[in-house]
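Beneath this line is the structure, given in structure tokens, with notes to follow.
Since every read-out is calculated from the coordinates, none of them should be taken as a lab result. Please read all numbers here as calculations on a predicted model, not as lab measurements. Glycine gets a Cβ as well: all are built from the backbone with ideal geometry, and neighbour counts include every protein chain shown.
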Amino acid sequence: MPLPVQVFNLQGAVEPMQIDADPQDDQQNVPDINYVVENPTLDLEQYASSYSGLMRIERLQFIADRCPQLRVEALKMALSFVQRTFNVDVYEEIHRKLTEASRELQNAPDALPEGSLDPPPLDTAWVEATRKKALLKLEKLDTDLKNYKGNSIKESIRRGHDDLGDHYLDCGDLSNALKCYSRARDYCTSAKHVINMCLNVIKVSVYLQNWSHVLSYVSKAESTPEIAEQRGERDSQTQAVLTKLKCAAGLAELAARKYKQAAKCFLLASFDHCDFPELLSSSNVAVYGGLCALATFDRQELQRNVISSSSFKLFLELEPQVRDIIFKFYESKYASCLKMLDEMKDNLLLDMYLAPHVRTLYTQIRNRALIQVSHVLVCFLLSFA
């Protein structure tokens, strides 16, 4: 007796070869920007410790803007960390947000006793002292650079531009930081200097979300003899540079919704040399690479490039939920796979780079599951023909 056939609605399914189509052609690809995350399971302290500099501050602010449950905690952590920098404007902005968030909590029906939620007072003494220190340091660095130029010492001029770029970045002045790092290019005397310049420009360009600039400087760095001419086994330093470049390129491709290309970039990262807290963590590589691959790779590609990848396996060990989702999908256990995806959705929506793509990636993964199931059903029915 023939088995009952379940009919699946495949309307709107995305064919495997159409995954990287122009996102403007698909209205479903419009990112969600106005959403609230109600049930996160994020360990905020552990999460924040994976990042450094401006990236830690930006990620904490992103979480605070979208998750009422974590808002006050995230803002307090960001406020504490920003006081290690010269970024006075962001300190004042975070303090304002924290004051508003604390007031909202105090007005809530189940509010804690008055006073327990009060934010720390605005540290005006720190603000004034930090502004003065920042100005004095800027004047000194600027004077040093003028002296270096007067002596026409290329290496000193290059380092002078880098030092100025570092200072502007610490002050939160991304535009001037980018200018200084870019100016160092004319004074590079070795491939190593060019790579360092490219990495600095890439870092600030990511903060500015200037993704075409990111890809342009990734290409510049990869074309230096130190990277391009190495064959076979690469030394540790080169692997570390390549991993940074691939991670930055992966972020740029993700932002452009070129998910398959993004997956390929993240899959080329070396676990043992992944140290880029100014931009992302090893866990991010696992999640970004894993989900982009799941949404765009066919079964053979998934097996060859993800499941059997000795390097990417190490990344997936940091994110066992993503690892299990990939294995469930490959084993055709689609119900379990989709259930687990749903369970981790709230945490993914708190990631500033992944959040705009969660809906699209989930849709593409679901469509791939439906296509696989349909293929099996067609084969089954044909066997009775």
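Observations, loosely collected:
- The set of residues from segment 196-213 being surrounded by fewer than 23 Cβ atoms within 10 Å (Cβ to Cβ) and either over 25 Å from Glu58 (Cβ atoms) or in contact with a Ser or Thr (Cβ under 7 Å, 6 or more places away or on another chain) (or both) comprises just one member, His213.
- Being part of a helix (DSSP H, G or I) and either closer than 26 Å to Leu208 by Cβ or among the β-branched types (Val, Ile, Thr) (or both) is a property that Asn147 lacks.
- Just so you know, in segment 247-263 the residues that are of a type outside the set (A, V, I, L, M, F, W, C) and assigned to a helix (DSSP H, G or I) include one that is surrounded by the most Cβ atoms within 10 Å (Cβ to Cβ), and it is Gly250.
- Residues that are in a loop (DSSP other than H, G, I, E, B), in contact (Cβ under 8 Å) with a residue 60 or more places away in the chain and under 28 Å from Leu138 (Cβ atoms) within segment 47-95 comprise Tyr51, Ser52, Thr85, Phe86, Asn87, listed in sequence order.
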